[in-house]
Amino acid sequence: MMPSYHPPSPAMCLRLISAKYLFVLVVVLFVFVQIIPLDAQDSGSSFLDVTIDSLTPYVGQPTIYTWQLFLPAGMNAESAQITLPPFTGFGQENLPAGDVQLQTVNGQSMQVVQRQIVLYPLQTGTFTIEALQILLPETPFQSAVPLSSPPFAVNVLPMPPNAPVYFQNAIGQFDVAAALNVTSIAVGQPVILTMTITGTGNIQQVLRPKMVLPEFWRIFEQDNPVQPASPVFGSRVFEWQLIPAQAGIHVIPALEFGFLNPQTGSYETRTTTPLPIEVLAADNPTTSPPISADVTQTTHSQPDIMLKPLPENIASRSTNFDIWGLVLWLLPPLGAGLVAFMSSARSRRNPSPKPERLSGSRALQQAQMQLKTALSQSPKDASVMIADIILTYLSRKTGQSIQRETLKNALSGLSLPVQKTLLDCLDHADAGRYAPVSEQDIKLLVRDTLRILLEIDKTWQA
Amino acid sequence: MASLIRPFAIFLLCVLLVSATAAQFDFESAATAYNNGDFATAISIYDSALAAGVRDGGVFFNLATAYYASGDNARALLNYLRAADIAPRENDTQLQIARLRARREDGNMQESDALVLFGSLTNAWLTYDELNVLTWCVWTSFFVVWAIFFRQKHGRQRLRSVLFVNASVMAVFLLLLFSRWYVGATMPPAVVIESSVQVMNGAGDNYLPLFRVFAAAEVRILEERNDWLRVILPDGRQGWLRASNIEKVIVP
């Protein structure tokens, strides 16, 4: 019996083909993962290395904090998120970042990102530098990878005692040299003294050494022409311009430079060689002061400054007069305030004081001046002013305060036409307050007022 | 008013008489000792006078001169500055101050703080008390004019300009007085009296050493903490040093 052949059904064929292709796909993917470095996918092999120069630095000693991030070659280092520790207790300065390097680690090609920070311990004691955190971000092939360094305990040591006189703040290992730009000059001519300090340590913070020369040298500090490129090594150059005031063969004494060597924990002093210089007499020799041994400490065995004559009895002050000073300062404003208060109180009690009576024709003269002033005012203001001028004139002439209500009594001694004209002037002036008036009207009113006041004045004079 | 002035004046006079006590000091011996080169004796006599409360420009000058002759330039400058504070128009005092400033190791540092410069504008001509009295006179005249202005009903226009000028002058004087007082009170001047002093960046020996200052350097005190003082130099450098290394110029 022939075995019956059952051709595979279409559905079965599809299943077989799918399984075959799936297998091939898996194989291809496996090969792809193995062949291509797929650096990014394998960021699990990334690691972080952090070192610090010294865990027991002296206060002020520059210490380098270095971190290196190892990433598989080809991975984007820029995307790493870096969180630096706060470096509490330290001043810090970033060193320039170098290029990314390639290294082989355990047979794997890795790129190395390195950064350095110079730390300056500011205070003695134990300080903890917290962990450096780096986060490699999530990629399509794997999740984010956090990296972290262990924290460091740094014990900052105090400066050892018995610092030499010439020690200022230098910590490290240094050497010094000095030179003059010329070997022979004339009196009054400048010579440049250069001192070069070279070494490793806080070279950028090194202060200018003190220059002590005999008094006949004038010393001018020059700006530093050269600054070290790195904060922790290089050369520092200091310059002085020296001008001698005395001829002869002189020697610029050795310059001393003191520093703390952190390797030995002791202070060391470097000394430059003394530099001879010939100072020639100038054409017009100046009268130079005599040589003195030291600039700062000059003891005079014979005093050259006269004392001031003093009386035997000198009053000693012991009382503090602050309270009296305060009282004196308060008196003027208090006095002025009192005057103001009294003045306002009086004006409240007597709102319309009795006018000063003016003799002769002074009241008329003042009225004339005021009327001239009224001409320069606006018509409305001038109207108000003219009414006031008339009443003020009458008040001054009579020595009584005259208002509109008491006007008739005051004018009782005058002829009726005069009274009528005066009242007309007042009415016109009052009307000007409320009704529109022109400048021409005001001129006429001023003229009429002047005439009637003149007439009144003549009458009362008589 | 007159009845009030008389008792007040008598009271003031009594206070002045009680507070001013005349004391005898052997300044003749001090001068003799100085001329014989015995500066220590001269210094001790002048010091005893100052300890007794004497505040005289001549005594400070002589004490400073004795220190100067003995070679102690720091205390010499300190006492010349004290003498200048009491008698600022003495040429020989100013000359000695200039000489010592030029000779000290820190050199002749120029003041960089604008407020200190403004507050010191009158230092070379007037004592603080003189400036105080002058300002008080201007202050009083302003209020007198103001009171007259207030009382005067006529001629105020002319008084207004007088008042304005008076107010301007008073403002200038008040600014000068206040800035001088403020600088003196908040940044009292002092002089380094030790030959070399390490300035730190904190109030203690365990801090970072910043720089050194030398004898006769002038500083201003900004803060005090546990026998340590935060000081500022005329060129703007700041740091902490021990209180025992400096002495204040203004004597209480």
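Values quoted throughout were computed directly from the atomic coordinates according to the rules given, and no laboratory measurement underlies them. Remember, predicted model here, so these are calculated numbers, not experimental data. Virtual Cβ from ideal backbone geometry, glycine too; neighbours counted across all protein chains shown.
Phi-derived couplings, Karplus 6.51 cos²θ - 1.76 cosθ + 1.60 at θ = phi - 60°, listed residue by residue for segment A:246-253: 9, 7, x, 8, 10, 10, 6, x Hz, with x used for Gly and Pro. A DSSP coil position with no more than 16 other Cβ atoms inside 10 Å describes the following GluC sites (Glu not before Pro) in segment B:46-131: B:111.
Computed log10 I(q)/I(0) for the protein assembly as shown at 0.07 Å⁻¹: -0.80, from the Debye equation with unit scatterers placed on every C-alpha and solvent omitted. Distant-in-sequence amide contacts of residue B:246, defined by a placed amide H-H separation under 5 Å and a gap of 5 or more residues or a different chain, comprise B:193. Once the chain from residue A:372 to residue A:101 is taken as fully extended at 0.36 nm per residue, the excess over their C-alpha distance is 87.8 nm. Label zone of residue A:196 (point 7 Å out along Cα→Cβ, amide N under 12 Å): in segment A:226-268 this covers A:226, A:235-238. Listed by chain and number, the lysines whose C-alpha is less than 25 Å from the C-alpha of residue A:308, apart from same-chain residues fewer than 8 away, are B:248. Quick check on segment B:189-248: take the gyration tensor over C-alpha atoms, sort the square-rooted eigenvalues as a ≥ b ≥ c, and tell me if it's rounded (a/c under 1.5), prolate or oblate. It comes out rounded by the Cα gyration axes.
List the relative contact order of chain B as a percent without decimals, with contacts defined as Cα pairs under 8 Å and 6+ residues apart. Don't skip to the answer; put the middle values down first.
Numbers: 347 pairs, mean separation 40.5, N = 252.
RCO, chain B: 16 percent.
Remark: segment B:189-248 carries a charge dipole of roughly 100 debye about the Cα centre, counting +1 on each Lys and Arg Cβ and -1 on each Asp and Glu Cβ. Contact order for segment A:118-157, expressed relative to its length and based on alpha carbon pairs under 8 Å spaced 6+ residues apart, stands at 50 percent. What the pair-distance distribution of segment A:353-462 shows, using all Cα-Cα distances binned every 10 Å from zero, is 15, 50, 31, 4 percent.
With a cut-off of 9 Å between beta carbons, the residues surrounding residue A:168 carry a summed charge of +3, where Lys and Arg count +1 and Asp and Glu -1. Between residue A:416 and residue A:313, the modelled label-to-label distance comes to 9.2 nm, taking each label 7 Å out from Cα in the direction of the beta carbon. Here's the list of lysines a cross-link from residue A:420 could span, going by alpha-carbon distance under 28 Å and ignoring same-chain residues fewer than 8 apart: A:354, A:372, A:380, A:397, A:408, A:443, A:458.
Using the Cα centre of segment A:362-461 as the reference point, and only Cβ charges (+1 on K/R, -1 on D/E), how large is the resulting charge dipole? Debye, rounded to the nearest 20.
Details: 13 positive and 11 negative charges, 59 e Å.
In debye, rounded to 20, segment A:362-461 gives about 280.
The Cα atoms of chain B give a gyration tensor whose axes a ≥ b ≥ c have a/c of 1.5 or more with a/b no greater than b/c, which makes the shape oblate. Summing charges over neighbours of residue B:234, with a neighbour being any other residue whose Cβ is under 11 Å away from its Cβ, gives -2 when K and R count +1 and D and E count -1. When you filter the chymotrypsin sites (Phe, Trp or Tyr not before Pro) in segment A:119-219 for DSSP loop state and at most 13 other Cβ atoms inside 10 Å of their Cβ, you are left with A:141.
In this simple spin-label approximation, residue A:444 and residue A:322 carry label points 7 Å from Cα along the Cα→Cβ vector, and these lie 7.6 nm apart.
Taken over the Cα atoms of segment A:167-280, the convex hull encloses 86 Å³ per residue.
Using a 10 Å cut-off on Cβ to Cβ distances, tally the other chain neighbours for every residue of A:335-348 and report the average as a whole number. Don't skip to the end; give the middle numbers.
Working: counts 5, 10, 4, 1, 7, 5, 1, 3, 5, 1, 0, 1, 1, 0.
Counting Cβ atoms of other protein chains within 10 Å of each residue's Cβ and averaging gives 3.
Among A:153, A:251, B:134, whose Cα lies farthest out toward the positive end of the dipole of the protein assembly as shown, if unit charges sit on the beta carbon of Lys, Arg (+1) and Asp, Glu (-1)? Of A:153, A:251, B:134, it is B:134. Note on the protein assembly as shown: with charges restricted to the Cβ of Lys and Arg (+1) and Asp and Glu (-1), its dipole about the Cα centre is near 4480 debye.
Our estimate of slack between residue B:161 and residue B:51, defined as 0.36 nm per intervening residue step minus the Cα-Cα distance, is 34.5 nm. Across segment A:192-198, rounded Karplus estimates of 3J(HN,Hα) from the backbone phi angles (6.51 cos²θ - 1.76 cosθ + 1.60, θ = phi - 60°) give 9, 9, 10, 10, 10, 10, 10 Hz, Gly and Pro being marked x. Here residue B:32 and residue A:230 are evaluated by their C-beta separation; at R0 = 51 Å the FRET efficiency comes out at 0.20. Taking a point 7 Å out from the Cα of residue A:218 in the direction of its Cβ, the residues of segment A:185-199 whose backbone N falls within less than 18 Å of it are A:185-193. Using a simple spin-label model with pseudo-atoms 7 Å out from Cα toward Cβ, residue A:53 and residue B:118 lie 4.5 nm apart.
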